[in-house]
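K.L.:
Shown below is the structure under consideration.
The values are calculated or read from the model by the stated rules, or taken from the named source; none is laboratory data. These figures come from a predicted structure and were not determined experimentally. Quick note on the areas: whole protein, heavy atoms, side chains included, nothing else; ligands and nucleic acids left out. Shrake-Rupley method; radii C 1.70, N 1.55, O 1.52, S 1.80 Å.
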Amino acid sequence: MLNGGVSLATFLKFTSFLSIDIIALILPIAFAISAAFVFHRLKEHNQIVALQSAGIAPQRLLRPLMCLG
């Protein structure tokens, strides 16, 4: 890094530019994985059945995902 003639400020500047792109790629993937994990846990502990017996429709369970997706 410093031996190649690039200053620390320039390196940090370009790294910060790249981090924005990396976050833009990782954020949707992380959201999808977390949503799958949450619904898996709800299904595993029969919470979806409990919510449906309380009168909550499956479409209403998916509404937050559709708003954010």
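K.L.:
Measure nothing fancy, just the Cα-based angle from helix 58-68's long axis to the longest principal axis of the chain, in degrees from 0 to 90, nearest 10.
P.N.:
It is inclined by approximately 20 degrees.
K.L.:
Right, something else. As I understand it, the value is the acute angle between the Cα axis of helix 8-44 and the longest principal axis of the Cα atoms of the chain; what does it come to in degrees, rounded to 10?
P.N.:
10 degrees
K.L.:
With each run of n ≥ 4 DSSP H residues scored as -39500 (n - 2.57), what mean residue ellipticity at 222 nm is computed for the chain after dividing by its residue count and rounding to the nearest 500 deg cm²/dmol?
P.N.:
About -27000 deg cm²/dmol.
K.L.:
Please report the equivalent ellipsoid semi-axes of the chain, computed as sqrt(5 x eigenvalue) of the Cα gyration tensor, largest first, in whole Å.
P.N.:
Three semi-axes, in Å: 45, 12, 6.
K.L.:
How large a share of the accessible area of the range 8-69, in percent, is made up of carbon and sulfur atoms when the probe is 1.4 Å and the other protein chains stay in place?
P.N.:
74 percent
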